[in-house]
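S.K.: One structure coming up, written as structure tokens, with questions to follow.
The values are calculated or read from the model by the stated rules, or taken from the named source; none is laboratory data. Source: prediction; values computed, not measured. Ideal geometry is used to build each Cβ from the backbone, glycine not excepted, and the neighbour counts take in all protein chains shown.
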Amino acid sequence: MKRVLCIIIIIVATALVFCSCATGNGEIKPNKVEVSDFDIQSAKQMLEKGEKIIADLSLKDTVSRQEYNQFLSSINEEFGEDQRWNYMFFYNDEFENEQLETLHLNKEMFFPTIYHKGIEVVSAKVENTYYDEEFLNTSILTIREEYTGKNKDLDDWYREYYYQKDDNGNWKFSNYGGQVNFLGDGFKSDYLELKKRI
């Protein structure tokens, strides 16, 4: 009986803590939100390795099964496995057939990178959000790329990379925002020229 009573008290106390933090619509209200600029050059360096892997791939028509596996390993290391990169760059009827040793790139898919002319990192900001309960605190780095050229098809294009700190205090990629890529409708993997440095 004492054990049941103790569990009930813990549940009620936890509920009260969350209710005291919540606004009228059920959202937990932070105590403070701080937004600060993050060094643009450091932000570019964070994107360079992963986007170079993609830019290099865009130059190819086909890859071997070994190159395909290496690409997935490298890109997953940079951006995680949640993005399903194989479906983004390859044909699923080919990569799912393990008997095929040569895989074709989907040339009707254009993934803009900072190695393409007109694509630039325009901002990088860190947003720290603080709550009464410290385990709810968040620190999110947002790196924003935009198209700065004159091609009307790419007007208003942007992509945002979201990073969060891991247990060791290192920034780890968590998700995308904006428009990640373009598929079909006249877009090709070489839709924009590459900058000289690649």
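S.K.: Scan segment 132-145 for residues that are under 21 Å from Trp171 (Cβ atoms) and surrounded by 12 or more Cβ atoms within 10 Å (Cβ to Cβ) and jot them down.
M.R.: Leu136, Asn137, Thr138, Ser139, Ile140, Leu141, Thr142, Ile143, Arg144, Glu145, listed by residue number.
S.K.: Return yes or no: is Tyr161 buried (at least 16 other Cβ atoms within 10 Å of the Cβ) and closer than 22 Å to Asp82 by Cβ?
M.R.: So Tyr161 passes the test.
S.K.: Here is a further query. Where residues in segment 72-105 are surrounded by 14 or more Cβ atoms within 10 Å (Cβ to Cβ) and in contact (Cβ under 8 Å) with a residue 60 or more places away in the chain, which of them is nearest to Lys60 (Cα to Cα)?
M.R.: Filtering segment 72-105 for residues that are surrounded by 14 or more Cβ atoms within 10 Å (Cβ to Cβ) and in contact (Cβ under 8 Å) with a residue 60 or more places away in the chain, the one nearest to Lys60 (Cα to Cα) comes out as Leu105.
S.K.: So, one more: Between a residue in segment 160-186 that is within 23 Å of Tyr147 (Cβ to Cβ) and touching a residue at least 60 places away in the same chain (Cβ under 8 Å) and any residue that is assigned to a loop (DSSP other than H, G, I, E, B) and among the acidic types (Asp, Glu), which pairs come within a Cβ distance under 6 Å, given they are 6 or more apart or on different chains?
M.R.: Hits for this filter: Gly184/Glu108.
S.K.: Considering only segment 23-68, state which residues are surrounded by 10 or more Cβ atoms within 10 Å (Cβ to Cβ), among the polar types (S, T, N, Q) and at pLDDT below 95.
M.R.: Residues satisfying the conditions are Asn31, Ser58.
S.K.: Next up: Out of Thr138, Thr113, I need the residue that is under 27 Å from Val33 (Cβ atoms), under 21 Å from the mean Cα position of the chain (by Cα) and in contact (Cβ under 8 Å) with a residue 12 or more places away in the chain. Which one?
M.R.: Only one candidate passes the filter, namely Thr138.
S.K.: Please go through segment 144-188 and pick out each residue that is of a type in the set (Val, Ile, Thr) and within 12 Å of the chain's Cα centre (by Cα).
M.R.: Val180
S.K.: Residue by residue through segment 56-96, note down the ones that are among the aliphatic types (A, V, I, L, M) and not in a helix (DSSP H, G or I).
M.R.: Within segment 56-96, Leu59, Val63 meet the criteria.
S.K.: How do the pairs read when you match residues in segment 35-60 that are free of Cβ contacts under 8 Å to residues at least 60 places away in the same chain and under 24 Å from Glu108 (Cβ atoms) with residues anywhere that are among the polar types (S, T, N, Q) and surrounded by 15 or more Cβ atoms within 10 Å (Cβ to Cβ), using Cβ under 6 Å and keeping only pairs 6 or more apart or on different chains?
M.R.: Every condition considered, the pairs that remain are Ile53/Ser74; Ile54/Thr113.
S.K.: Which one of these does Glu120 not meet: (1) surrounded by 12 or more Cβ atoms within 10 Å (Cβ to Cβ); (2) free of Cβ contacts under 8 Å to residues at least 40 places away in the same chain; (3) touching a strand residue (DSSP E or B) at 6+ places or on another chain (Cβ under 9 Å); (4) not in a strand (DSSP E or B)?
M.R.: It fails just one condition, (4).
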